[in-house]
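One structure, pasted below without further comment.
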Amino acid sequence: MSVDGPAGFRWPFVFWEVGMREETEVIAHVEPDLLAARDEAHEIEPEERSGPRLVVTVSPDAAEPFGEVILTASIEADELPEDTKGEVVFLDDQGNERGRAALTDRLDPQPFTARLECMAPERPGKHVWTARLESEDLECDEVSFTVTIAPHPISVTIWDMPPAIEQGRSFPMKVGLRCPCGCNAQGWTFRLLDSDGSEILAGQVGDEPWPGTASLYYACLDVAAPDTAGSHRWTVVAEPPEGSDVPHAERRLSIVLNVMRQPEVSLRIRARDAKTGEPVAGAKVVAHPYRTRTGEDGEALLHLPKGTYTVFVSRSPYFAFKSQGEISEDMTLTAELHEDRALTDAELWA
Amino acid sequence: MTTKGSKGSVETSNGLNRRDFFKASAAAGVSAAALGGAAAAAESTDEIKWDYEYDVVVCGGGCAGLTAAIRARDAGVSVLIVDQNFDLGGRMLHSGSYLSLGGGDPIQKRDMAGESDPEGFITVPPVESPEELDDNIELLFTDVTDWSIVDGKAQSPYRYNEREMMRAWAENCPPTRQFLMDNYVRFTRVSGTHGGGGLSRARAPYCFLMLGDKTDIKAGTITPEDAGVADPERTSPFAPVQMEDATQFVGPNAVRNGVALARPLEFSAREKGVHIMLHRAFVDLIREKPFEGRVIGIRAEYRPRVHPKTGERLESFWQNGNIDERRPSIRIRARKAVILASGGHAGNPQVRSMFYPAMREPAFPTSGFALQGPGGQDASALIAALKIGANLAGMQQNLSYPTTYHISTTLGTRDAYTNMMPGHPTFVFRGSAGINVGNAGFEEFIAVNQVGKRFFNEVRLPKRPAANRYPGDGAAPGKGLDHKPLDWRNCSAEWIRKSYNYDHGLDAALAINEGSRAPNYYSGPLWAIFDQDAVERTGWELRFPYVSEENGYFFKADSIEDLAAKIYAGHPFQRVPLSYLAQTVETWNRYVAEGADPEFEREKDAPMYAIAKPPFYALSIMVIWHDSYGGLRCNGRQQVIDMQGQPIPGLYAGGECVGGFNKHGLGKGHVQGFIAGTYAAKEQA
């Protein structure tokens, strides 16, 4: 016990190094899977033969690339020695060991079973893996089974869209596409659909990554807002790229647009420290869906249609200021911010 | 079950092995007892080959152990401290030094009289009025056994305390305060009382040192470098946690925290000739017979703390008095007594799961685990004493201190309790200092569980109910001097309805989720998910030493799906993919646009922000199990009591390994160490 920290955790890690997860926990008692989304396990029948045989089930039916795959190897036999012990070794299609798991004992809810949870490979399609029993008590033939990997996902990111969009005007938005498995997304295409599913536009991301990202390619759009005020739900559809060696799945991301009437009144916010009276700069001001921040003078100005609003003014280390009311004419709201001070030792512990 | 270095294997490094050993030994013990107690011990005690002999052997060099060792040494006996860490001090070294005693102790009296300290360092007037300091032993005893107090979490922190032990504790508070002062500890003005220390009077000062040109315990000075105040991003080998300003309680240039308590006591112990064996984990008590006779010694194993990169052994700040013993296992004879002071069980998920099965989750550590190492708070005293027949006390009291475990506002590090910076040799075990976002910071992100689902209103997650202490925020109808002990109105249903103040967000965080699997159903790690806009709103400095891209507690990615994949690949306790994260963020962004969160009603408490602008970030959110209140049963002399109600001859205990006292922190450990040291030295050799 001379090692500090979790044994076996290797740092620094290399992100896409599959070997990172080849060692995985072995769980002795197998309960019904809790993952609702997980598909029914399927079984691959080995050839008919007499005597004990290994049977491997794979879950889910199609694993996400770099997601999780659960392999369950069990021994089927008319009769087994009561104290059969052993370990099942799982090998991928390259013959690399993906992990090993000990057999459960005869009293386990699933006796003589070895379960391995491991990271799925990246490449979509069917992979033929093998499992081998290592036991001094029993001999079994090596068995092959198929691990199926789903197409690569596509990440869709939408940003820089105004939280409140003025009806009938145009507004900006950015669309970013990326394959989380590392495929180059330069020039990939997308479509923007309105609430009825009608296409508003078709677009393509450029070949420069968004600043601060490694390879999120994006497009800047200028889109005409709907004519009617209210909430509109649009959809961005990222299409599987044509000509890619690797299959990708279509991804649909829904976005909500708050289309607003023309502003009629202005709301001036003055953020003040309740104790000192000093202006609080950089405080966040939200009068849904409008939002802004206070300047150096602790003030912010919002232009809004008349209506009822909940106004929040907040900034660390203060408690959020909250005020509700109707705004029917130009007005000024002073937000006194009370410090949510760090707890003292007395309040916590010594 | 083999784990082969799998995820979550921290459990194996200090939990399972010890427990399995215990199980095996206990089974052997039962068969010996079945023979009517006539069975000889496995090895005749006459034949034991002792590697060392001392009058008193102290297991653990923290607040209880160091105090006990000095106290016994003062009585003229030979003393050895065995500690599993590379340096002395235990939790005390990273504490705030808020040391709640009372009963009319010398510091209360000093402040009542408006006097300064003998050295004249204190230049500020008393913080508390004389009435608030006017204390006595009867009042203190009443306070710490008050049946009527119910806190904001509807728990009772005083009524279950062991009465004999409380009486002795109250009586020994004043002499313990004086004892500490006689061993170079300097106390600030009294300011309030610590949790579990009573509601009637102010009883707790901090410990301080003065900034100066050199670090000199006798003179009471420390350099800014040693105090960790010279550079906001450095700590020192002397002070693992940066010392805090103590101007308010002392005057200009005073600094405070556990360093000003632990280092003076350590200095005194070494000066007085206490011997110290570090890197040495106490594992077994040796009794004359398995369940009979005296405790005559201990067995201890060499478990060096080694730098993970250089392979070099860590060495203590001071060396005088150290015994460099590196044999794997040794036996140490205690001619008079063994004092157990090796801490509680907050760092042992298998033991703490006795109180809350969800806290078997090894992802969540005890506070200060980097400083204390894998043997810190590992239940060693509990395990060893149970093997020879000791009884337990107050095991339910872990649940009656309101913040035994809680969600930290420091994100991005597993060691989310301390603010240790680079400079201390154990910083490498945490890898990042974390970012304290405060309560207000929780409105900037969504908090998700191991499958990427939200589980509670984020801004309510870090909320904590007030502790039961003077002046009594929310703990009783009458605050401060108006508090009436033993009054039925303190716990009337009407009052509790009014004072109840606990959101069970922590419990939602620990709930079974779609990634929890048999047999442990671990709830898994928790993540704060946010975007570049949040960074621009808050100015959070996402750089070393606050976060590290190497230790698995901070991730940055181009998209939400990438972020989920990186967490799954790179976090040591992330056992399942965050399959729902992309959907959760899409749903959250819809709630933000619609201005309402139907799941957790965030819009009622704080504004909501979309998670949209790349890149995207994840910081770990930690549940911390801070300390232990259940433990060994002791009498008023701090002798460990067996299952028949009899003291186990030659065995004493103090501090967190002792149960039956719902007092947080140092006040319990120092006084119990003082009592144990007193009586251990008086035992016949």
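The values are calculated or read from the model by the stated rules, or taken from the named source; none is laboratory data. What you see is a predicted model; the values in this text were computed from it and never measured. All Cβ positions, even for glycine, are placed from backbone atoms using ideal geometry, and neighbour counts span all protein chains on display.
Going residue by residue through segment B:500-513, is there one that turns out to be within 11 Å of chain A (Cβ to nearest Cβ) and among the small types (Gly, Ala, Ser)? Can you show your working first?
Keep residues of segment B:500-513 that are within 11 Å of chain A (Cβ to nearest Cβ), which gives B:512-513.
Narrowing the set further to residues that are among the small types (Gly, Ala, Ser) leaves none.
Within segment B:500-513 (the criterion being within 11 Å of chain A (Cβ to nearest Cβ) and among the small types (Gly, Ala, Ser)), the answer is no, since none of the residues qualifies.
Ok, one more. Among the residues of segment B:289-299, write down those that are farther than 17 Å from B:Tyr54 by Cα and either in contact with a His (Cβ under 6 Å, 6 or more places away or on another chain) or not in a loop (DSSP other than H, G, I, E, B) (or both).
Of the residues in segment B:289-299, the ones farther than 17 Å from B:Tyr54 by Cα are B:289-293.
Listed by number, the residues that qualify are B:Lys289, B:Glu292, B:Gly293.
Is there a residue being more than 30 Å from A:Val313 (Cβ to Cβ), touching a strand residue (DSSP E or B) at 6+ places or on another chain (Cβ under 6 Å), at pLDDT 95 or above and of a type in the set (Gly, Ala, Ser) anywhere in segment A:262-274?
Initially, segment A:262-274 is screened for residues more than 30 Å from A:Val313 (Cβ to Cβ), giving none.
Checked segment A:262-274: no residue is more than 30 Å from A:Val313 (Cβ to Cβ), touching a strand residue (DSSP E or B) at 6+ places or on another chain (Cβ under 6 Å), at pLDDT 95 or above and of a type in the set (Gly, Ala, Ser).
Find the strands (runs of 3 or more DSSP E) located wholly in segment B:598-685 whose residues include 3 or more that are modelled with pLDDT of 95 or more and farther than 24 Å from B:Lys387 by Cα, and list them. Working first, answer last.
On the way: elements: B:616-621, B:623-625, B:639-641, B:647-653.
Correct list: B:616-621.
Condition first: more than 18 Å from the chain's Cα centre (by Cα), closer than 30 Å to A:Tyr318 by Cβ and within 9 Å of chain A (Cβ to nearest Cβ). Can you find one or more residues in segment B:417-436 that meet it?
yes
Which residues, taken from segment B:577-595, are in contact (Cβ under 8 Å) with a residue 60 or more places away in the chain, over 21 Å from A:Glu117 (Cβ atoms) and among the aromatic types (Phe, Trp, Tyr)?
Hit for segment B:577-595 is B:Trp588, nothing else.
A quick yes/no check of all residues on (1) modelled with pLDDT under 95; (2) in a helix (DSSP H, G or I); (3) more than 8 Å from chain A (Cβ to nearest Cβ); (4) surrounded by 23 or more Cβ atoms within 10 Å (Cβ to Cβ):
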site	(1), (2), (3), (4)
B:Phe555	no, no, yes, yes
B:Glu561	no, yes, no, yes
B:Lys566	no, yes, no, yes
B:Ala582	no, yes, no, no
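Applying the selection to segment B:604-642, what residues are facing chain A (nearest Cβ under 8 Å) and either small (Gly, Ala, Ser) or free of Cβ contacts under 8 Å to residues at least 12 places away in the same chain (or both)?
B:Ala606, B:Ala610, B:Ala612
Of the conditions (1) more than 13 Å from chain B (Cβ to nearest Cβ); (2) under 30 Å from A:Ile255 (Cβ atoms), A:Thr148 fails just one. Which one is it?
(2)
Out of all the residues in segment B:591-608, is one or more within 26 Å of B:Arg430 (Cα to Cα) and more than 32 Å from the chain's Cα centre (by Cα)? Can you show your working first?
Here is the first cut: in segment B:591-608, the residues within 26 Å of B:Arg430 (Cα to Cα) are none.
Looking through segment B:591-608, none of the residues is within 26 Å of B:Arg430 (Cα to Cα) and more than 32 Å from the chain's Cα centre (by Cα).
How many residues are assigned to a loop (DSSP other than H, G, I, E, B) and surrounded by fewer than 23 Cβ atoms within 10 Å (Cβ to Cβ) if we restrict to segment B:371-387?
Within segment B:371-387, the subset assigned to a loop (DSSP other than H, G, I, E, B) is B:373-379.
Within this subset, residues satisfying the condition of being surrounded by fewer than 23 Cβ atoms within 10 Å (Cβ to Cβ) are none.
Total meeting the criteria: 0.
Quick test for you: out of B:Gly114, B:Gly103, B:Gly76, pick the one residue that is away from chain A (no Cβ under 14 Å), within 30 Å of B:Tyr54 (Cβ to Cβ) and in a loop (DSSP other than H, G, I, E, B). Don't jump to the end; show me each part of the working.
Values: B:Gly114 fails: within 30 Å of B:Tyr54 (Cβ to Cβ); B:Gly103 fails: within 30 Å of B:Tyr54 (Cβ to Cβ).
Exactly one of B:Gly114, B:Gly103, B:Gly76 is away from chain A (no Cβ under 14 Å), within 30 Å of B:Tyr54 (Cβ to Cβ) and in a loop (DSSP other than H, G, I, E, B), namely B:Gly76.
Report, by residue number, each residue of segment B:300-320 that is over 25 Å from the mean Cα position of the chain (by Cα) and either assigned to a strand (DSSP E or B) or away from chain A (no Cβ under 14 Å) (or both). Before you say what the answer is, go through the steps one by one.
The initial filter retains those residues of segment B:300-320 that are over 25 Å from the mean Cα position of the chain (by Cα), namely B:309-312, B:319-320.
Of everything in segment B:300-320, those that are over 25 Å from the mean Cα position of the chain (by Cα) and either assigned to a strand (DSSP E or B) or away from chain A (no Cβ under 14 Å) (or both) turn out to be B:Gln319, B:Asn320.
Got at least one residue in segment A:128-144 being assigned to a loop (DSSP other than H, G, I, E, B) and within 10 Å of chain B (Cβ to nearest Cβ)? Show your work before the answer.
Initially, segment A:128-144 is screened for residues assigned to a loop (DSSP other than H, G, I, E, B), giving A:135-142.
Restricting the remaining residues to those that are within 10 Å of chain B (Cβ to nearest Cβ) gives none.
No, because not a single residue in segment A:128-144 is assigned to a loop (DSSP other than H, G, I, E, B) and within 10 Å of chain B (Cβ to nearest Cβ).
Could you please let me know if B:Pro545 is under 25 Å from the mean Cα position of the chain (by Cα), in a loop (DSSP other than H, G, I, E, B) and modelled with pLDDT of 95 or more? Steps first, please.
Numbers: under 25 Å from the mean Cα position of the chain (by Cα): yes; in a loop (DSSP other than H, G, I, E, B): yes; modelled with pLDDT of 95 or more: yes.
So B:Pro545 passes the test.
A further question on this structure: From the list B:Ala440, B:Ala476, B:Ala467, which one is modelled with pLDDT under 95, buried (at least 21 other Cβ atoms within 10 Å of the Cβ), closer than 22 Å to B:His664 by Cβ and within 14 Å of chain A (Cβ to nearest Cβ)? Explain how you work it out, then say what you get.
Numbers: B:Ala440 fails: closer than 22 Å to B:His664 by Cβ; B:Ala476 fails: within 14 Å of chain A (Cβ to nearest Cβ).
It is B:Ala467.
Looking only at segment A:60-103, filter to residues that are within 13 Å of chain B (Cβ to nearest Cβ) and among the small types (Gly, Ala, Ser); which one of those is farthest from A:Val147 (Cα to Cα)?
A:Gly86
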